[in-house]
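Before any comments, here is the structure.
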Amino acid sequence: MKILVVVEQREGKLNRVSWETIAAGQALAADTGGTLEAAVVGAGVSGYAAEIAAKKLAKVYAIESAGLEPYTPDAFVHALKGFIATNQPALVMMPHTYQVRDFVPKLATAAGSTCISDCIGYKKDGDKLLFTRQMFQGKLAADVSFTGAGPWFVTFQNGAFRGDKAEAGAAAAPVEVVNVEIPAGVVRNQPHEVFKEAKQAVDLTQAEIIVAVGRGIKEEKNIAIAKALAEALGGDLAASRPICDNGWLPMDRQIGSSGQTVAPKLYLALGISGAIQHIVGMKGARTIIAVNKDAEAPIFEIADYAVVGNLFDIVPPLIEEVKKAKAANS
Amino acid sequence: MKILVCIKQVPQKDAPLKLNETGTWIREDVSYEINEPDAYALEEALRQKEKHGGEVVAITSGPARSQQVLREALAKGADRAIHLEDNAFVGFDAYNTARAFAAAIKDEQFDLIFTGLQSDDYGYAQTGVILAELLGHPHATIIMQIEKSDSGIRVKRELEAGYFQFVDMPLPAVLTIQSGISKLRYATLIGIKQAKNKPLRKVALAEVQSALSDNLQKIERLYVPQKTKKTEIIDGSPNEIAKKLVERLRNEVRVL
């Protein structure tokens with residue numbers, strides 16, 4: 001089986017989640033005896049292609065056109081549809097980012113096929129490949145198979161695979177530049193410059209350490225102690241939906257089904273009960289520490305370390321201990 | 001502007017779900033509600049109509065029970081509704097749902113088609129974009145704001161990491177609407193009364209059958225996810241807890 005991973009670049013950097021998709025592709029290629037290739041799409045992307053080529057891949061394609069910058073779904077679909085028709089991968093894998101969500105359903109449809117989106121893993125059932133995804137906001141899981149002819153499209157959730165497990169190659173993979181033409185009239189949308197609204201807008205999807213607060217923080221002024229803990233740990237502050245709905249923290253810090261999906265090394269949940277809408281956004285964290293007064297809080301179901309207690313008692317000494325530990329390191 | 005809003009009926013957020021006998025879907029005896037993101041799509045459509053005039057049409061597919069979401073849309077101010085009524089629609093993948101919708105509206109010209117950004121049951125986030133491709137319309141996803149412009153519309157897209165972007169688009173276009181961008185209205189008593197007399201067109205499966213394909217993907221198994229984590233309880237006085245946590249952060253989690 002020929003597998004193609006399409007990685008994502010934005011703002012002059014490879015999106016970190018790209019390494020996860022490569023790791024997923026390597027695992028699938030190993031399990032199916034397939035070959036794995038990767039592609040990066042845009043204008044002036046051969047640098048990214050070279051960066052990816054360090055990983056264990058049969059080949060890397062830089063799909064190039066001035067018409068691919070700035071991103072539009074029309075241009076991306078035009079370029080990838082043509083490339084896939086020529087290259088003929090059986091399976092195309094991508095990270096489930098906002099950008100991929102924007103174009104992959106159109107691409108799969110244009111290719112006469114379908115996409116199993118937002119997967120968290122895969123299984124082999126005999127010769128059949130099953131892709132696991134969350135359903136009903138994570139209350140249930142489903143194993144989903146493709147029933148039509150390829151090319152099959154799959155997107156993986158942030159945190160579904162470990163980017164640091166992406167294997168390096170013995171030698172750099174060959175890079176081929178594929179120049180594509182985006183004819184006039186293909187692109188109908190005219191995007192303007194991207195901008196940030198909040199001054200200190202953060203990219204929580206790239207954060208390594210997240211301290212998140214929920215209803216248990218009680219009052220807006222109490223957010224300061226969570227912030228102090230985040231600072232002591234060198235992490236970012238985030239929140240569950242009620243906190244952002246109250247305007248105590250900006251929307252870009254909201255984790256969950258109507259906010260960001262994150263997969264940090266450490267997720268420290270303070271006073272978060274763990275409503276399913278929140279859990280879908282953070283269960284991919286490598287380690288979860290939960291502090292909650294209610295021993296029955298669902299957040300403890302997914303926690304690695306559970307502290308049943310009052311966060312206002314526990315956080316201040318924790319800040320002190322973290323500071324001590326950091327001072328001892330330096 | 002003539003606006004179509006695609007609405008799905010989904011199990012209520014807190015409804016306890018039970019698996020069916022074959023373990024491929026849930027048992028249908030749960031309470032349903034309008035898919036929350038679709039409620040925002042409807043709200044945005046009604047606001048656009050209030051600003052620019054025109055018509056709002058709500059469409060859904062599903063068994064008789066799903067008519068409820070159309071009644072709700074009509075009570076809130078939609079002008080008419082289309083119901084693709086059949087049990088079979090529940091098992092459709094996004095591709096087939098979009099094909100059925102495209103077939104049901106083939107004699108109409110909408111300026112805008114709205115969907116919520118994703119459904120709370122499947123969560124594929126695909127139907128709107130597929131519909132755009134089938135109809136040959138441009139699309140944009142996760143929309144926060146829509147303004148009319150000389151040549152069409154200017155929309156504000158939400159990107160990741162706190163970034164946004166304005167995009168100019170010609171009409172007709174398909175937009176998927178972000179949740180939480182406005183305050184949802186309630187249906188008024190008079191609205192609920194008026195809804196009873198508003199047109200609701202029923203479309204049978206047979207009427208759109210020729211436009212459908214086999215599903216291209218299949219749920220082989222639905223199940224309760226297994227708890228894979230072993231949870232360690234950290235207890236003691238606050239000071240002891242703090243010390244134990246820092247020890248784990250240094251030696252196990254390795255972030256200190």
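Against the condition open to solvent by 40 Å² or more (accessible area, probe 1.4 Å) and farther than 19 Å from B:ILE34 by Cα, how does B:LYS106 come out, does it pass?
Here the answer is yes, as B:LYS106 does meet what is asked.
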Long-range neighbours under 6 Å by Cβ, at least six apart or interchain, first residue free of Cβ contacts under 8 Å to residues at least 60 places away in the same chain and not assigned by TED's automatic domain parsing to the domain that holds A:VAL45 within region A:164-190, second open to solvent by 80 Å² or more (accessible area, probe 1.4 Å) and in a loop (DSSP other than H, G, I, E, B): none
Count of residues meeting criterion [crowded, with 23+ Cβ neighbours inside 10 Å and more than 9 Å from every other protein chain (Cβ to nearest Cβ)] in region A:284-326: 4
Failed criterion for B:ALA140 (all others in (1) surrounded by fewer than 24 Cβ atoms within 10 Å (Cβ to Cβ); (2) among the small types (Gly, Ala, Ser); (3) in contact with a Leu (Cβ under 7 Å, 6 or more places away or on another chain) hold): (1)
Cβ-Cβ under 7 Å pairs, at least 6 apart or on other chains, region B:195-206 side of a type outside the set (A, V, I, L, M), far side assigned to a loop (DSSP other than H, G, I, E, B): B:LYS198/B:ASP79
Looking only at region A:13-68, and only at residues there that are under 17 Å from A:HIS96 (Cα atoms) and among the hydroxyl-bearing types (Ser, Thr, Tyr), the one that is surrounded by the fewest Cβ atoms within 10 Å (Cβ to Cβ): A:SER18
Qualifying residue in region A:257-267 (condition: aromatic (Phe, Trp, Tyr), farther than 22 Å from A:GLY138 by Cβ and more than 9 Å from every other protein chain (Cβ to nearest Cβ)): no
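Out of curiosity, is A:ALA108 in contact with a strand residue (DSSP E or B) (Cβ under 8 Å, 6 or more places away or on another chain), over 22 Å from A:THR205 (Cβ atoms), in a strand (DSSP E or B) and modelled with pLDDT of 95 or more?
Numbers: in contact with a strand residue (DSSP E or B) (Cβ under 8 Å, 6 or more places away or on another chain): yes; over 22 Å from A:THR205 (Cβ atoms): yes; in a strand (DSSP E or B): no; modelled with pLDDT of 95 or more: yes.
Taking the combined requirement at face value, the residue does not satisfy it.
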Counted residues, region B:150-186 - those being out of contact with any strand residue (DSSP E or B) (no Cβ under 7 Å at 6 or more places or on another chain) and surrounded by fewer than 17 Cβ atoms within 10 Å (Cβ to Cβ): 6
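The values are calculated or read from the model by the stated rules, or taken from the named source; none is laboratory data. Quick caveat, the model's predicted, so the values are computed rather than measured. Cβ atoms come from the backbone with ideal geometry, glycine included; neighbour counts cover every protein chain shown. Heads up: the accessible areas ignore ligands, DNA and RNA and are worked out on the full protein's heavy atoms, side chains in. Shrake-Rupley method; radii C 1.70, N 1.55, O 1.52, S 1.80 Å.
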